[in-house]
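Everything on this sheet refers to the single structure shown next.
The values are calculated or read from the model by the stated rules, or taken from the named source; none is laboratory data. The shown structure was predicted, so the numbers you read here are calculated from the model rather than taken from an experiment. For neighbour counting, all protein chains shown are included, and Cβ atoms are generated from backbone atoms with ideal geometry for every residue, glycine included. All accessible areas refer to the heavy atoms of the entire protein, side chains included, with ligands and DNA or RNA removed. Shrake-Rupley method; radii C 1.70, N 1.55, O 1.52, S 1.80 Å.
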Amino acid sequence: MKYPIIFDTDPGVDDAQAIAIALRHPDIDLLGMTTTFGNVDIDTATHNALLLGELAGQPVPVAQGSACPMVKPRHPAPKHIHGDNGLGNIPLPPVTGQAESRNAAQFIVDTVRARPGEVSLVAVGPLGNLAAALQLAPEIVNLVRQVVVMGGSIREGGNVTPVAEANIFNDAHAAQKVLTAGWPLTLVGLDVTHRCILTPEHMSRIEAAQGSLGRVLAGSYDFYRAFYRDALGIDGCCPHDSVALAWLVRPELFKTTRGHLTVVTEGAAEGQTILAAEGRQFIEPRWSGTPLAQVCLEVDGAAVSQWIADTLG
Ligand code: BDR
Ligand code: CA
């Protein structure tokens, strides 16, 4: 396997599809999942992570993490997008497994320390678990292979406010720590995920090929699709979290730029991600004070959607 990963997630319809990819793709070795509040409450997130591994016939360790943001009160879960149960309110079978006794941050630290330079962290929910892991063991900055964050928006605008994307908005203080930690980080935000559309035809292929897992993915997709029809006027869905895995495995489908990231933590622009391009001098120096990171700004969206359908179809 080329990419051993920890998948930090708040499942969530698009998270569920990404989990299926992480379990099925031959180049990805899913070492474990860490869960966070976000699309759902933390217990539901952990339940869904366990369930999806079991439905795939590939249970992996699941470690429970953040139940709320680091500083501000929790924003209500987006039940109109993901349903009360995070999977489009479809009936779900029972779960047999249990979460790890270790919490998410400890699981991340232990796993990264055990395989220095090998493990990629792929985070597709609010970033409290990664922030807690950094606090527990700051040296992991130099031990991870890379960090991929589905979150933020540089030019596209937001999906929770005019400027803020949901994962960053839901815990902007954690995001500020994670995006400025100085580890090798790539931001996969709305600039690229909004260019990728998974169509009902793609989804039918996935449903037909993935057995009971495919039925859950397709059933939850139907609910999620209604939101995209109303919000963006498209017949299909943006597979946000799967795009982070596409970046990991197929980076040639993306165009990136480097610069210094800042997350706005207070006020009307709370949750906005701001990029100061590498080498650009500003009169006010504060925007260029953080370590360099990489940001995806363009993508071959059709190729990414095809990659998702081919991986699961
Ligand atoms: C992100 O927010 C969540 O609702 C999705 O699962 C995705 O991680 C998109 O803004
Ligand atoms: Ca997510």
- Message: Looking at segment 13-32, I want the residues that are in contact (Cβ under 8 Å) with a residue 24 or more places away in the chain and have a partner that is of a type in the set (F, W, Y) and not in a helix (DSSP H, G or I) with Cβ atoms under 7 Å, at least 6 apart or on another chain. Which pairs are those?
- Response: I19/F7; A22/F7; D27/Y3; I28/Y3; D29/Y3; L30/F7
- Flagged pairs (Cβ under 9 angstrom, 6 or more apart or on separate chains; first in segment 145-161, away from ligand 2 (no atom under 15 Å from the Cβ) and aliphatic (A, V, I, L, M); second in a loop (DSSP other than H, G, I, E, B) and open to solvent by 40 Å² or more (accessible area, probe 1.4 Å)) are V147/P184
- Members of segment 257-313 found to be in a loop (DSSP other than H, G, I, E, B) and aromatic (F, W, Y), listed by number: F282
- Task: Considering only segment 115-141, state which residues are of a type outside the set (A, V, I, L, M) and not in a strand (DSSP E or B).
- Result: R115, P116, G117, E118, G125, P126, G128, N129, Q135, P138, E139
- Is it fair to say T186 is in contact with a strand residue (DSSP E or B) (Cβ under 9 Å, 6 or more places away or on another chain), open to solvent by less than 20 Å² (accessible area, probe 1.4 Å), polar (S, T, N, Q) and away from ligand 2 (no atom under 16 Å from the Cβ)? yes
- Return the only residue of A77, A104 being modelled with pLDDT under 95 and within 16 Å of ligand 2 (Cβ to nearest atom). A77
- Return only the number of the condition from (1) out of contact with any strand residue (DSSP E or B) (no Cβ under 9 Å at 6 or more places or on another chain); (2) more than 16 Å from ligand 2 (Cβ to nearest atom); (3) of a type in the set (D, E, K, R); (4) over 21 Å from I28 (Cβ atoms) that D110 does not satisfy. (4)
- Return yes when V124 is open to solvent by less than 20 Å² (accessible area, probe 1.4 Å), within 16 Å of ligand 2 (Cβ to nearest atom), of a type in the set (V, I, T) and over 10 Å from T34 (Cβ atoms) and no when it is not. yes
- Only unsatisfied item for R195, checking (1) under 24 Å from E54 (Cβ atoms); (2) open to solvent by 20 Å² or more (accessible area, probe 1.4 Å), is (1)
- Per the filter on segment 225-246, residues in a helix (DSSP H, G or I) and crowded, with 24+ Cβ neighbours inside 10 Å are H240, D241, S242, V243, A244, L245, A246
